[in-house]
Amino acid sequence: MALAAASKSLLLLGECVPCLKHNASKFKVRRFELDTNLLMYFRTWEFVYALDPEKKCKTGDVVLIEKCPEQLTRLITHKVKEIVYPHGDVIDPLTGKKVVGGKFRDHVEAVNRIYGKTATAFDYDSAPDRGWLEDIKDFSHVDTYVKYHENGEDQPYAV
Amino acid sequence: MNIIRRAVFSNPLTSTLLICTRSYAFKSNLKIKWVRPTKIPCYDPAKSGDLVPMPEFDKTQFQLEFQKCKELASANDLVKRLFSLEYAPRHRTTQLYLRQLIDGTKRHNQDEGSIEAKIARWTGAIRAMQDLVKRFPHDVRLRVRIKELSDKRKKQLKYLRRWDYKKFEWLIDTLNIVYKPHPIDFRTVTRKESLRKLTNQHCDDIKNDRLKTYRLQLEAEQPDFLQEKIKALEFIRKEQEECNVCVTVTQTEIDDVRQQLRNLLQKRRDLNTKEE
């Protein structure tokens, strides 16, 4: 019933989750479902697949997805419209400034400059885009699993 | 009741069906060998994700607190040796290592408490303890400290990833840490479940292999099929023209198929030359 509600709406805001499909991304959409006995709303999550041929969406991104006029495959019903918030690159909606934790990035940089920024410190301007360490040192874009079999091969996603 | 049982078991077909569908003590005919993975202890670098161990330090250098001492520069060799790492306890070397790691990541000169400085300090401490645990493998408190600290570091890395992805990537690259998130469902490894997974994998492999061979077979038949198609289309066109009926097959349609055949052959030739 809840899934039907999700597939009906034209625009959805979902969080990208790990997906092995080549041309599509998987999204977790949060909805509130009414329990008619308790007359209370409870959180439920539905999973929707959206067409993303270039794999622009990365795990954790908050993305606006749009319903396709006709269903593309059995699974893929939507297509990606816009990446609203990339994961780990938070922007304050009121001021439009970048935020880290509870502080503005500019303010942190100003403090660093007063104390004397070190040469080895992290620099936002020269930092490459997200994803350059994928499958090298960062394995957070995939679902890891507990290693259950020793086949002599390297299993990078096994914990 | 007995009459029914007798009737069921007297029929050979029903008895074999019953044997085939039994789930209890089911034995698979597949020759899948399951090897239980060896347990990685929690204090092992493979578990904590540290790619490099604590390096060997030059023992002739001064301890951290005496490195900027001006008097030592003019002191004799014996005094210099006394203040070097050679005669100092082990934690002096660790102190120097921690300082190096923190200096490599800190934001400004006074920085000690930022998340990158903290993670650098914890990383140094973890690696020093991992080095020590090789000498004292029965020190349980040490093993617990390593586990707790590496878990704490992992938790903070998880938060940093959420707040500032670029900094997270830079930090794990600078400190040489591999970050793997916790699995969604953590289950103890059992023989039964592992064999089930391996059987599923085996079935998938068979399916993919068969699909691949079928695809190759169809692709091999493509040129012959296209030639036959050209012939058939030409024949239909010729017959229609001769019989003065409405011509349904156009010349462009036949040319398109010819072009398709040419492209296909060209593609195959290119592939062959590449392989050679």
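The values are calculated or read from the model by the stated rules, or taken from the named source; none is laboratory data. Please read all numbers here as calculations on a predicted model, not as lab measurements. Note that each Cβ is placed from the backbone with ideal geometry, even for glycine, and that neighbours are counted across all protein chains shown.
Could you please find all residues in region B:183-192 being more than 7 Å from chain A (Cβ to nearest Cβ) and either surrounded by 12 or more Cβ atoms within 10 Å (Cβ to Cβ) or not in a helix (DSSP H, G or I) (or both)? The answer is B:185, B:188, B:190. All of B:167, B:152 fail the test of being more than 8 Å from every other protein chain (Cβ to nearest Cβ) and either touching a strand residue (DSSP E or B) at 6+ places or on another chain (Cβ under 8 Å) or part of a helix (DSSP H, G or I) (or both), apart from B:152. Of all the criteria given as (1) β-branched (Val, Ile, Thr); (2) in the same structural domain as residue B:161 (by TED's automatic domain parsing); (3) in a loop (DSSP other than H, G, I, E, B), the one not satisfied by residue B:119 is (3). Within region A:91-126, the set of residues being aliphatic (A, V, I, L, M) and either part of a strand (DSSP E or B) or assigned by TED's automatic domain parsing to the domain that holds residue A:28 (or both) comprises A:91, A:99, A:100. With respect to the conditions (1) closer than 27 Å to residue B:133 by Cβ; (2) exposed (fewer than 12 other Cβ atoms within 10 Å of the Cβ); (3) of a type in the set (D, E, K, R), residue B:121 falls short on a single one, namely (2).
Condition check: in contact with a strand residue (DSSP E or B) (Cβ under 9 Å, 6 or more places away or on another chain), closer than 25 Å to residue B:179 by Cβ and free of Cβ contacts under 8 Å to residues at least 60 places away in the same chain. Does residue A:129 satisfy that? When the stated conditions are applied, residue A:129 does not pass them. So, residue B:204, is that one within 30 Å of residue B:105 (Cα to Cα) and in a helix (DSSP H, G or I) or not? For residue B:204, the condition - within 30 Å of residue B:105 (Cα to Cα) and in a helix (DSSP H, G or I) - is not met. Residues in region A:40-51 include none that are within 14 Å of chain B (Cβ to nearest Cβ), within 19 Å of the chain's Cα centre (by Cα), surrounded by 15 or more Cβ atoms within 10 Å (Cβ to Cβ) and assigned to a strand (DSSP E or B). Selection of first residues in region A:13-41 that are in the same structural domain as residue A:54 (by TED's automatic domain parsing) and of second residues that are part of a strand (DSSP E or B) and of a type in the set (Asp, Glu), restricted to Cβ pairs under 7 Å at least 6 apart or on distinct chains, gives the following pairs, ordered by first then second residue: A:27/A:15; A:28/A:15; A:29/A:46; A:31/A:46; A:41/A:33. Scanning region B:30-70 for residues that are β-branched (Val, Ile, Thr) and in the same structural domain as residue B:151 (by TED's automatic domain parsing) gives B:52, B:60. Number of residues in region A:79-122 that are of a type in the set (D, E, K, R), within 11 Å of chain B (Cβ to nearest Cβ) and in contact with a helix residue (DSSP H, G or I) (Cβ under 7 Å, 6 or more places away or on another chain) equals 2. State whether the residues of region A:27-34 include one that is in a strand (DSSP E or B), in contact with a Cys (Cβ under 9 Å, 6 or more places away or on another chain) and among the charged types (D, E, K, R). For region A:27-34, residues in a strand (DSSP E or B), in contact with a Cys (Cβ under 9 Å, 6 or more places away or on another chain) and among the charged types (D, E, K, R): present. For region B:232-251, the count of residues that are on the phi > 0 side of the Ramachandran plot and either hydrophobic (A, V, I, L, M, F, W, C) or without any contact (Cβ under 8 Å) to a residue 40 or more places away in the chain (or both) is nonzero. Quick one: in region B:53-70, which of the residues that are basic (Lys, Arg) and either loosely packed, with under 10 Cβ neighbours inside 10 Å or touching a Cys at 6+ places or on another chain (Cβ under 7 Å) (or both) is nearest to residue B:93 (Cα to Cα)? Checked region B:53-70; the qualifying residue nearest to residue B:93 (Cα to Cα) is B:68.
Candidates are the residues of region B:29-80 that are within 14 Å of chain A (Cβ to nearest Cβ) and among the hydroxyl-bearing types (Ser, Thr, Tyr); the one that is nearest to residue A:138 (Cα to Cα) is B:48. Residues of region A:85-97 that are surrounded by 12 or more Cβ atoms within 10 Å (Cβ to Cβ) and among the hydrophobic types (A, V, I, L, M, F, W, C): A:90, A:91. For residue A:142, are the conditions met, namely being of a type in the set (A, V, I, L, M, F, W, C) and within 8 Å of chain B (Cβ to nearest Cβ)? When the stated conditions are applied, residue A:142 does not pass them.
In the set (1) within 23 Å of the chain's Cα centre (by Cα); (2) outside the structural domain of residue A:10 (by TED's automatic domain parsing); (3) not aliphatic (A, V, I, L, M), residue A:77 fails one condition alone, (2).
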